[in-house]
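Working notes, beginning with the structure itself.
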Amino acid sequence: MAELTWKSTGDRRRSTRAWRVRGSAVTVAVIVLAVLLVPPLVQLDEQAVDLAAKLRQPSLAHPFGTDDVGRDLLLRCVYGLRVSLLVGVVAAVVATVIGTAVGAAAAASGGWFDRVVMRVVDLFSSVPHLLLGIFIVAMFSPGVWPVVVSVGLTHWLSTARIVRSEVLSLRSRPYVDAAISGGASRLRVAVRHLLPGVLPQAGLAAVLMVPHAIWHESALSFLGLGLPTHQASLGTLVQSSRGPLLAGDWWPTLFPGLCMVIATLAIAGLAGAWRERLNPRRRSELML
Amino acid sequence: MLELDAVTAGYDQRAPVLRDITLSVAPGESVGLLGPSGCGKSTLARVAALLHRPDGGRVVIDGERAGGWRHRAPRAQRTAFGVVFQQPRLSADPRLRLADLVAEPLRANGRSGEVTDTVRELTERVGLGPELLGRRPHEVSDGQLQRACLARALVLRPRWLVCDEMTAMLDASTTAALVAVVEEYRRESGAGLLAVGHDRVLLERWCDRTVHWSELAA
C-alpha cells in the first residue's frame with residue numbers, strides 16, 4: 001500500500017503569511033531606523049537648494065533624483081517619512097486614548113449616558129471625517145500640531161465603538177459576576193478584568209490607525225491645509241511635485257508615493273498578523 | 001434564613017422569565033432546585049446571589065432586606081454568597097493564574113496578607129496540586145478549573161453557597177469530589193446551600209430537600 005502523506009494546503013498559505021510578516025517587520029524596522037538615524041548621522045541639509053542640479057533624473061549621486069529647486073529627493077523622503085510617521089503615531093495614540101476612554105465610559109455606565117454618547121458618536125460619524133479634519137486644521141496656522149489634533153479628533157469614533165462593544169461583551173461574562181460576588185469594587189472590576197481585556201483590541205486599533213493617519217496628513221498637506229510647503233512630509237512632497245509631473249518628470253511624484261505605500265503596507269501587515277493572533281478565526285479584511 | 005419572596009425577574013420587563021417565585025433556605029439547610037432547561041432557575045440563582053436585579057419581589061438575607069444588586073449591594077451582603085457557575089471557562093478570567101484566581105476575592109477585600117496560607121489550604125482541600133497553581137485557565141482541564149472556581153467561592157467563608165449547575169460539565173468522579181468539598185465546608189461552617197440543576201438523582205442524594213420548579217411556579 002502506498003504510503004499516505006498528508007499535506008494540507010494550509011501549509012503554503014501559512015508560510016506565505018509568515019514571509020509577509022517577516023517582510024513587514026524588516027521594512028518597518030528599516031523605516032524606523034532610517035528616520036531616527038539618518039538625520040543626526042549624515043548631517044546633510046535637506047533644505048539645501050542647488051539650482052544648478054534641479055530636476056535631475058535618479059542617478060548614483062541622487063538615487064531618487066532632485067526636485068524643482070535641486071534638493072535631494074532621497075533625503076527629502078527620509079525627512080518626509082519622519083514627519084509623516086510622527087504625525088501618524090501621535091495622532092493614532094491621541095485617537096485611541098480618546099476612543100478607549102469614551103467607549104469604556106459609555107459601556108461601563110450604560111443607561112442614558114451610553115445612549116447619549118453613542119448618538120454623539122453617530123452624529124460625528126455622519127460627517128465625512130476628511131471634511132471635519134479640514135474644518136479643524138483651518139482654524140489654526142499650518143504646522144505639525146494642528147494636523148495631529150485634526151486627525152486625532154476625527155478618528156476616535158471607530159475605536160470608541162470597538163471598545164464599547166468589547167466592554168459590553170466582557171461585562172456580561174460570569175467572571176465579572178464572580179468578581180462582584182467576591183466584593184470587588186467597580187474600579188477593581190474595570191482595572192483588573194475589563195481594561196486588560198480590551199487593551200489588545202485598542203492597541204490593534206491604534207496600529208491600524210497609523211497608516212490611516214499618515215494618509216490623512218498627506219491628504220491635508222496635498223490640499224495645502226496641512227504642513228507648510230517647505231517642510232518635507234510625504235504629502236507636501238507629492239503636492240509640490242504636481243508641476244514637474246505635468247512636464248513629464250515622474251520621479252518627484254513616484255518616490256514619495258512609493259514611500260507612503262510601502263510604509264502603509266508594512267505597518268498594516270504587522271497589524272494584520274497581530275489581529276490574527278488575537279482572533280484566529282476571523283480572517284481579516286485589513287490584512288492587505 | 002435566605003428568603004426569596006414573590007420574585008419576578010427576567011431580561012425584558014414585558015416578558016419576565018420567572019414570575020412570583022417564593023423560596024426560602026433555612027440556615028445550614030441545603031435545598032436542591034430542579035427544573036428543565038431554560039425555565040429560569042439560573043436567573044433565580046443569580047437573583048438570590050444579588051447578581052441580577054429582579055423586576056419585583058424582595059430578597060431577605062438573615063433578616064436583612066437586600067438593598068441593591070450587583071455593585072449597589074453592600075459589600076457585606078454580596079460577599080455573604082459564594083457562587084459557582086456552570087461553565088468554568090467563562091467564570092474564570094483568562095488572564096489570571098489559578099493561584100490569583102482563588103486569591104482574587106481576598107485581594108479585592110484588602111486582605112492580601114492572608115493570601116499565601118488561605119490559598120494553600122483551600123487548593124489542597126479542592127484537590128489542586130501546587131504545580132497547577134501557576135497555570136492559566138486555558139492550560140488546565142474543565143474539572144481542574146471548576147475546582148479552582150469552587151475554591152474561589154469558599155475563600156471568603158460565605159454563609160450561603162449558590163451552585164448553579166456546578167457539576168454539569170464534569171465527570172462522575174470530579175462531581176463526587178466537588179460535592180464532598182461543599183459538604184465538608186458546610187459541616188464545619190454551617191453554611192446554607194442552594195444547588196440548582198436538572199440531575200434529580202444527584203440533587204436528591206446531595207440535598208436535604210429538593211424542590212421542583214413546577215411546584216414554585218404555581
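Observations, loosely collected:
- Secondary-structure-derived ellipticity at 222 nm for chain A, considering helices only, amounts to -23000 deg cm²/dmol, per-run term -39500 (n - 2.57) for DSSP H runs with n ≥ 4.
- Calculated from backbone phi, Karplus (6.51, -1.76, 1.60) coupling profile of the range B:61-67 in Hz, x at Gly/Pro: 10, 6, x, 10, 6, 5, x
- Per residue of peptide A:182-195, the mean number of Cβ atoms on other chains within 10 Å of the residue Cβ is 5.
- Only helices enter this figure: runs of n ≥ 4 DSSP H residues, each worth -39500 (n - 2.57), summed and divided by the residues of chain B, yield -10500 deg cm²/dmol at 222 nm to the nearest 500.
- Most fluctuating residue given options A:Leu225, A:Leu37, A:Leu187, as computed from a GNM of chain A linking Cα atoms under 10 Å: A:Leu187
- Residues with amide H under 5 Å from that of A:Gly70, placed H, sequence gap 5 or more: A:Asp50, A:Leu55
- Between the range A:173-217 and the range B:143-180, the alpha-carbon centres lie 29 Å apart.
- Mean-square fluctuations from a GNM of chain B, with a 10 angstrom spring cutoff on Cα atoms, peak among B:Gly134, B:Gly40, B:Gly113 at B:Gly113.
- Net charge dipole, chain A: roughly 1280 debye, given to the nearest 20, about the Cα centre with Cβ charges of +1 for Lys and Arg and -1 for Asp and Glu.
- Each Lys and Arg Cβ is given +1 and each Asp and Glu Cβ -1; about its Cα centre, the range B:92-156 then shows a dipole of about 100 debye.
- Size descriptors for chain B: radius of gyration and Dmax over Cα atoms are 16.8, 50 Å.
- B:Asp208 paired with B:Arg75, simple spin-label distance in nm, labels 7 Å along Cα-to-beta-carbon: 3.1
- Taking every full run of DSSP H in chain A, the ones that stretch at least 20 Å from end to end by Cα along their long axis and average 0.5 or higher on the Kyte-Doolittle scale are A:10-42, A:73-109, A:111-125, A:195-222, A:251-278.
- Distance between the modelled labels on B:Asp142 and A:Ala48, one decimal in nanometres: 7.2 nm (7 Å Cα→Cβ projection).
- Accessible surface of chain A [probe 1.4 Å, protein heavy atoms]: carbon and sulfur percent: 68
- Positive-end ranking of A:Met139, A:Ala108, A:Pro228 along the dipole of chain A, with charges on Cβ about the Cα centre, is headed by A:Ala108.
- FRET efficiency, 1/(1 + (r/R0)^6) with R0 41 Å, evaluated for A:Ala101 and A:Ala247 via beta carbons: 0.25
- Hull volume in cubic angstrom per residue (convex hull over the Cα atoms of the range A:118-179): 98
- Scaled to the globular estimate 2.2 N^0.38 Å, the Cα spread of chain A, given as radius of gyration, is 1.22.
- Helix B:98-108 and the long axis of chain B differ in direction by around 60°, with both axes built from C-alpha atoms.
- Simple spin-label estimate for B:Ala6 and A:Leu199 gives 4.9 nm between the two label positions (7 Å along the Cα-to-Cβ direction from each Cα).
- Positive-end residue of A:Ser218, A:Ala178, A:Gly152, charge dipole of the range A:64-278 with Cβ unit charges: A:Ala178
- Cα gyration tensor, the range B:92-156 - rounded (a/c under 1.5), prolate or oblate: prolate
- Residue among B:Leu90, B:Leu203, B:Leu193 with the largest mean-square fluctuation in a Gaussian network model of chain B, springs linking Cα atoms under 10 Å: B:Leu90
- Couplings 3J(HN,Hα) of the range B:18-23, computed from phi: 9, 10, 6, 8, 10, 8 Hz, in residue order, whole Hz [Karplus 6.51 cos²θ - 1.76 cosθ + 1.60, θ = phi - 60°; x for Gly and Pro].
- When the surface is traced with a 1.4 Å probe over the full set of protein chains, B:Ser173 keeps roughly 80 Å² accessible.
- Solvent-accessible area buried by pairing A with B, both sides, nearest 100 square angstrom, 1.4 angstrom probe: 2000
- Proximity of backbone amide H atoms, modeled 1.01 Å from N, is registered between B:Gly57 and B:Thr8 at under 5 Å, excluding neighbours fewer than 5 places apart on the same chain.
- Long-range HN-HN contacts of B:Gly82 with modeled amide H, under 5 Å: B:Trp160, B:Leu161, B:Val162
- Efficiency of FRET from Cβ geometry, A:Ala61 and A:Leu132, R₀ 45 Å, rounded to 0.05: 0.55
- Magnitude of the charge dipole for the protein assembly as shown, about its Cα centre and with charges confined to Cβ atoms of Lys, Arg (+1) and Asp, Glu (-1), is about 300 debye.
- Largest first and in whole Å, the equivalent-ellipsoid semi-axes of the protein assembly as shown read 61, 26, 19, each the square root of five times a Cα gyration tensor eigenvalue.
The values are calculated or read from the model by the stated rules, or taken from the named source; none is laboratory data. Model, not experiment: these values are computed from the prediction. Positions of Cβ are generated from backbone atoms using ideal geometry, with glycine treated the same way; all protein chains shown enter the neighbour counts. Protein only, heavy atoms only, side chains kept; ligands, DNA and RNA dropped before computing areas. Shrake-Rupley method; radii C 1.70, N 1.55, O 1.52, S 1.80 Å.
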